[in-house]
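Okay, structure first, notes after.
No lab work stands behind these numbers, since they all come straight from the coordinates. Not measured: the values here are computed from a predicted model. Neighbour counts are summed over all protein chains in view; Cβ atoms, including those assigned to glycine, are modelled from backbone coordinates with ideal geometry.
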Amino acid sequence: MSAAHPETRPAPEPREAFARFVPVPTRWMDNDIYGHLNNVVYYSLFDTAVNRWLIEQGALDIHAGEVIGLVVETHCNFFASLAFPQQVEAGIRVARRGRSSVRYEIGLFAEGEPLCAALGHFVHVYVERDSHRPVAQLPEAYLKALAPLER
């Protein structure tokens, strides 16, 4: 670590840092041998929360939509364990929106907890379903669904 680029230690964020919350239930099979959610489950919960939001807002049609999102980048910091049968609430926000991409940031909270147990992000690049080429511009339905998530 150099003086010009001091590293900051990631820290859990409060609920107020997120625009909307989506419930994401845990399952028995999500726990690992150590009795908490396995690391890969956190990424699945991120994906589930964002896609659930997009579906519920009428933007994403997983069966027939002309536009789909491909995850091109992911990251997660872990601060506290989560485990089945805890209820988990995913705080979501849009950190950056480009012409065809969106960086979503997600905080996973144990029900009623003020700080997130995990904080992560992923980037969707929105592409045409058939060609997998990036869209020229995000469709209006996506823009409408993203607006409440932008801070």
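Take each of the peptides 117-126, 18-27, average the number of other beta-carbon atoms within 10 Å over its residues, and list them starting from the highest.
The densest-packed peptide leads the list: 117-126, 18-27.
Does the range 1-85 classify as rounded, prolate or oblate by the C-alpha gyration tensor (a ≥ b ≥ c root eigenvalues; a/c under 1.5 gives rounded; else a/b over b/c gives prolate, otherwise oblate)?
oblate
If you place +1 on the Cβ of every Lys and Arg and -1 on the Cβ of every Asp and Glu, how big does the dipole about the Cα centre of the chain come out, in debye to the nearest 20? Mind dumping the intermediate values first?
Numbers: 14 positive and 18 negative charges, 72 e Å.
That gives the chain a dipole magnitude of about 340 debye.
Amide H neighbours of H75 under 5 Å, counting only residues 5+ apart in sequence or on other chains, H built in-plane at 1.01 Å?
H121
Given a Förster radius of 35 Å and the C-beta distance between A17 and A136 as r, what FRET efficiency does 1/(1 + (r/R0)^6) yield to the nearest 0.05?
0.65
What full-extension length gain, to one decimal in nm, is calculated for E111 and R9 as 0.36 nm per residue of separation minus the Cα-Cα distance?
Taking 0.36 nm per residue and subtracting the Cα distance, the gain is 34.2 nm.
Among bridges DSSP assigns within the chain, what percent are antiparallel (round to 5)?
Within the chain, antiparallel bridges account for around 95 percent of the total.
When the dipole is taken about the Cα centre of the range 80-151, and only Lys, Arg (+1) and Asp, Glu (-1) are charged at their Cβ, what size is it in debye, to the nearest 20?
That gives a dipole near 400 debye.
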